[in-house]
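Structure, as structure tokens:
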Amino acid sequence: MTLDDLLTALGHADQALILPNGFNNPHSYRGYYDELAFEPAENISVADMAADGWAAMDETFEGYKGGQYTMTGDTACWLAYEGSSGGEEITTELLARLLAAGARPTVTGVVFQAPGNHVHFGYRCSTETGGCGYESPFYVRTEAAAQESLDAHLTTCRTARPAGTEQPVTGTSGH
């Protein structure tokens, strides 16, 4: 798989996926200095892998025994530790297996007490954990009712967002 092919495939994948096995740290492959290798990495996002791929594009790396090698879109890609001539060529099949094992992080939210003279509660869907940022425009009288509304929203939030996008969920909050 060339670097262009790899970046295209990663660009079409859900950027928020966390892969138990992926890659990072681009470098000149010891087996073929003019080819690109990435080191295996655990619990890494597709977005981070793509960022490392883009960082390697048109970058010049030093070969294991010297020489300067510029990586382009036509450069073949490998999965190998730096300094190792072993490893595995990154193929469409390998990348598909890595991506298939990924999962979106769990979306969470927070229940809060609404400001004002009366005790009311609302909720907010956390963008820090992949949520949509929605905050309930209405308030309920009990914390338990707000938690129930949040739970209903999180179910909608997880299923309503198209894969690979960070578009906010629109519509009802689950009530």
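The values are calculated or read from the model by the stated rules, or taken from the named source; none is laboratory data. None of these values were measured; they are calculated from a predicted model. No Cβ is skipped: glycine too gets one built from the backbone with ideal geometry, and neighbour counts run over all protein chains shown. SASA here: full protein model, heavy atoms, side chains in, ligands and nucleic acids out. Shrake-Rupley method; radii C 1.70, N 1.55, O 1.52, S 1.80 Å.
Observations, loosely collected:
- Ratio of Rg to Rh over the range 1-61 (Cα coordinates, Kirkwood Rh, two decimals): 0.96
- Residue-normalised accessible area of the chain, expressed per residue, 1.4 Å probe, Å²: 54
- Linear extension gain, ARG141 paired with ARG124, 0.36 nm per residue minus alpha-carbon span: 4.5 nm
- Theoretical gain in end-to-end length, SER84 to GLU62 [0.36 nm per residue, Cα-Cα removed]: 6.5 nm
- Interchain or long-range residues, amide H under 5 Å from ALA41's placed H: GLY22, PHE23, ASN24
- Range in the chain, longest, excluding exposed trypsin sites (Lys or Arg not before Pro) [loop by DSSP; at most 12 other beta-carbon atoms within 10 Å]: 66-140
- Distant-in-sequence amide contacts of GLN15, defined by a placed amide H-H separation under 5 Å and a gap of 5 or more residues or a different chain, comprise GLY164.
- Read-out Rg and Dmax of the Cα atoms in Å, derived from the coordinates shown; its label in (1) 19.6, 62; (2) 18.5, 57; (3) 22.0, 73: (3)
- Its relative contact order, with pairs defined as Cα atoms under 8 Å and 6+ residues apart, puts the chain at 20 percent.
- Measuring between their Cα centroids, the range 60-75 and the range 95-125 lie 43 Å from each other.
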